[in-house]
1. Please work out whether segment 505-577 counts as rounded, prolate or oblate from its C-alpha gyration tensor, where a ≥ b ≥ c are the square roots of the eigenvalues and a/c under 1.5 means rounded, while otherwise a/b larger than b/c means prolate and anything else oblate?
2. Sort the following peptides by mean Cβ neighbour count (other Cβ atoms within 10 Å, averaged over residues), highest first: 171-180, 511-520.
3. Can you give the relative contact order of segment 425-565 as a percent, counting alpha carbon pairs under 8 Å and 6+ residues apart?
4. Rounded if a/c is under 1.5, else prolate if a/b beats b/c, else oblate: with a ≥ b ≥ c from the C-alpha gyration tensor eigenvalues square-rooted, which is segment 426-577?
5. Quick one: order 433, 459 from most to least accessible surface, probe 1.4 Å.
6. Just how much of residue 472 is accessible, in Å², when a 1.4 Å probe is used and the result is rounded to the nearest 10?
7. Where nothing but the Cβ of Lys and Arg (+1) and of Asp and Glu (-1) is charged, how large is the charge dipole of segment 433-577 around its Cα centre, in debye to the nearest 20?
8. Heavy-atom accessible area per residue, segment 495-550, 1.4 Å probe: how many Å²?
Amino acid sequence: MSIWVIFKLLGSLALLMFGMKSMSEALQKMAGPQLRHALGAMTTNRFTGLLTGTIVTASVQSSTATTVMTVSFVNAGLLTLAQAISVIMGANIGTTLTAWIMALGASFDISNFVYLAFFIGIILIYMKRRRYVGDFLFGLAFLLLGLTTLRVTGSDMDLGHNPTVTAFFQSFDPDSFMTTLVFLLLGGVMTFCVQSSAAVMAITMLLCSSGAMPIYQGIALVLGENIGTTITSNLAALSANTQARRAALAHMFFNIFGVIWILFVFHWFIDGVVWLVDYVGSLLHQDMSHMDSKEKLNFVLAAFHTCFNVINAGILIWFIPQIERFVCWVIKPKKVDVEEDFRLHFITAGFMKTPELSVLEAQKEIQAFSGRMQRMFGMVRDLLNESSSNTGKTKGEKGGEDFNKLFSRIEKYESISDNMEIEIAKYLDQVSDAHLSDDTKAKIRAMLREISELESIGDACYNMARTISRKYQGKQDHFTEAQYGHLHQMMELTENALAQMNLLMGGRKESYDVNRTFNIENEINNFRNQLKSQNIIDVNNHEYTYAVGTIYLDIINECEKLADYVVNVVEARMGIR
C-alpha cells in the first residue's frame, strides 16, 4: 500500500471532520439564540425533552453542543437535571443523522454538487449578510468532498482483496462473543484517540463496504464508538462543575446500559436491522437483497446506529428519576463556601464549545457577578447598623468582633470582584479570537462594559465600608438620628437600583422597562443634592461637627456613584450607548 494512499485516506478523514465542525458552528451562528430558547421552552416533560434534544442535535450536527447548552441551563436553574438527561438522550438519537449523511454520500456521486457548493459558498461569504449560509455550504462541501475522496481512496486501496487486511479480520471468529467485545473495545479506543465519532463511523463504513470487515464486527465498532464518545465528555467534565459531571456520567450510564443489553441479542438484533433495510429498500423499489452490497452495508450500519439509540432511549426514558438519583449519589457536590470562595461557576474549561455557546456561559457568570455585588452592598448596610449599635466598643468586645468580621468579609468580596472581572474578561478575550457573528461581537463588547461597571460597584461598596470603619475606629461623634435616617433612606434607594439591575440581568431585556432604573437614579441624584444643601445648614447650626458631616457626605456620594454604575450596567445590557 503506497504511503500516498495512506496520506490521502488521512486527509479525507481530516476534510470530513473539518466539514462537520464548520457545518455545526455555522448552524449555531445562524440559529444559536433560537436553539437555546427551544431548549428552555420545549422541555416541559421527559418526552418533549427527548424530542427537543433530537431535533436540536440533528439541526446543529453536534451532540456536544447540545450537551453543553443543556448543562449551562441546568447550572442556571432553567432546567432540572432530570430534564437535562432526557435532552441528552435525544442528542444521542439526533447525532445518528451523521451516519445517514455518510451512507447517502457513499452511495451517490456528489462530486459535482461539492464544487457548486464551494462556488455558491464563497459568493455568500463575501455578501456579509449571508456569510453564515456560506460558511455552512463550505462546511457541507468539505464534508461531502471528504466522503467522496474517502470512497475513491477505499476503491483504490481495494481492502477486500488485500491478503493482510482480510487475514486480520478472518482471524477472528465472527460468531464468538469475545470477538464482539474486542471490536467494541477497539471502537471505544479509536473514538477516544481521534476525538470524533464521525471519523470512526467513516472508517467503519469504508472497511465494511470494501468487504474487508464483516458487518458484525463493524457494528461492534459502532457500539464501541458510542462508549468512546462518552469517555471523552467525562474526561472533559473532570475540571467542570458538579452538574456538568453528573450530566456526563448520565450520558455514559445509558450508553453503557444500552451496550450491555444489546450484547445479549446481538446477532438477532442485527438480523432484524438487515431485514428492515431490505424491507424499506423493497418499498423504494431498490434491490438490497445481496449481503455484500456496498450501499446496503452502509445503510445497515446507519440503521443499526439509529435503531439502537431509539430503542435504548425508549427503555431508559421511563427510569430518568432513578438515573438522576444514581448520578447524584455517585457525584457529591463539593463542600465549599460559595460566597467566600472565588471560583467561576458557569464558565468551565473542560467542555469544548463554540463561541456562541461560550457567550451564554459568560452571560450567566456576569449574572452571578451582579447578584454578588448586591449581596456585598447588603453587607455594607449591615456594617452601618453594626457601627451605630456598637460605637465605642473595643476590638476584643463582642460587638467589635462582629464589626471587624463583617468588614473583613466586605474586603474579601472586593478582592473577589477584582478577580471575577479579570477572569471573565480573559475568557471573553479568548472567545473573541474565534470567527464570530456581528451580534455575538456586540454582546462581547457589552459584557466587557458590564463587568467593568460591576467591578466599580464593588469598589464603591468597599469605599463606603472603609468610610464607616474609619468613623467606627476613630473618635468622631455619632451620626445624629436624622443622619442615620437619611443614610438608610439613601441606601434603600440604592438597594432598589441594584434589585432592578439584577431583575434585568436574570430576565429578558425585551420585557424590562429601563425607565425604572433611570427614575431611581434621578431620585437618588435629587436626594443627594438635597442632603448636601441640608448638611451645610446643619453644620452651621452646630447640629454636628464638620468632620462628621464630611464622613456623612462621603457615604451619600458613594451611593450616588454606585447608582451611576448601575445605570451604566443597565445601558450596556440594553444596548444603549
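1. Prolate, since a/c reaches 1.5 and a/b exceeds b/c.
2. Values: 171-180: 12.9, 511-520: 15.0.
Highest-to-lowest ranking by the protection proxy: 511-520, 171-180.
3. After rounding, I find 40 percent.
4. prolate
5. These residues rank, largest area first, as 433, 459.
6. For residue 472, solvent-accessible area is about 20 Å².
7. Computed about the Cα centre, the dipole is about 240 debye.
8. I get 59 Å² per residue for this part.
The values are calculated or read from the model by the stated rules, or taken from the named source; none is laboratory data. Remember, it's a predicted structure, so these values are computed and weren't measured experimentally. Note that we place each Cβ from the backbone using ideal geometry, even for glycine, and neighbour counts take in every protein chain shown. Protein only, heavy atoms only, side chains kept; ligands, DNA and RNA dropped before computing areas. Shrake-Rupley method; radii C 1.70, N 1.55, O 1.52, S 1.80 Å.
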